[in-house]
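No lab work stands behind these numbers, since they all come straight from the coordinates. Since this is a predicted model, take the numbers as computed values, not measurements. Neighbour counts run over all protein chains shown; Cβ positions are idealised from the backbone, glycine included.
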Amino acid sequence: MYIFHGTTLDAAIDIMTRGVDLTKSNERLDFGPDFYTTDNRVFAERTARYRTKKVRGMGSRQSVRPAVVTLECCELNDEELLREVRLRKFVISGISWLEFVIVNRCSNEFVISNQYTNHNKDFKYDIVMGPTADGGIAAIAADFEKRRIKIEADLLRNILPSYGTQISFHTVRSLACIKPIKYDIID
């Protein structure tokens with residue numbers, strides 16, 4: 001199976017030459033920190049354009065270009081693989097998924113002080129896969145952390161539709177499941 005990672009051209013070249021660097025991740029992402037991919041090429045292209053625009057906005061050189069890395073991924077329903085890696089799989093975007101995403105996007109201090117366990121900030125899962133939320137999830141997580149809202153089914157209407165499946169890799173062990181094949185520059 002092929003999966004895609006939207007990024008900048010410099011980062012794509014780095015992934016192809018040096019491999020995935022798990023330390024280059026934002027702490028507050030849907031499934032916890034680390035390397036994110038999708039099965040949706042169009043969404044990966046959108047992500048690449050967004051990241052490039054963000055880098056340009058930080059005063060970086062204007063020549064930064066978007067790119068998509070194509071990776072080969074092992075079958076995530078392989079029983080032998082599942083004995084070696086800890087996989088968390090969300091089939092639908094339900095309440096458990098919503099809580100997992102929101103709590104992962106909160107600060108570590110908030111998660112610890114409230115004793116939340118439905119998260120991956122502690123890397124209990126090597127690989128997590130499930131629906132991709134839209135950009136509105138960050139604002140929902142911020143409101144949750146400020147105790148303005150509670151996690152409930154009504155929130156699901158605010159973050160759908162999904163943009164395909166996202167698959168995140170959180171440990172060195174999980175990186176054995178993926179192999180960068182090529183990158184394409186996106187115009």
(request) Kindly identify region 2-185 as rounded, prolate or oblate by the Cα gyration tensor criterion: order the square roots of the eigenvalues as a ≥ b ≥ c, call it rounded if a/c is under 1.5, otherwise compare a/b with b/c, prolate if a/b is larger, else oblate. (result) oblate
(message) Check which residues have an amide H placed less than 5 Å from Thr8's amide H, if you skip close sequence neighbours.
(response) Ala67
(request) Treat the count of other C-beta atoms within 10 Å as a stand-in for reagent exposure and order Ser174, Ser113 from fewest to most. (result) Ser113, Ser174
(request) Would you pull out the residues with amide H under 5 Å of Arg86's amide H, same chain only if 5 or more places away, H placed 1.01 Å from N? (result) Asp126, Ile127
(message) Could you list Leu71, Leu22 so that the one with the fewest beta carbons within 10 Å of its beta carbon is first and the one with the most is last?
(response) Leu22, Leu71
(message) Counting only helical runs of four or more DSSP H residues, what would the 222 nm mean residue ellipticity of the chain come to if each run contributes -39,500 (n - 2.57) and the total is spread over all its residues?
(response) -9500 deg cm²/dmol
(message) Taking the number of other C-beta atoms within 10 Å as the exposure measure, put Ile149, Ile140 in order starting with the fewest.
(response) Ile149, Ile140
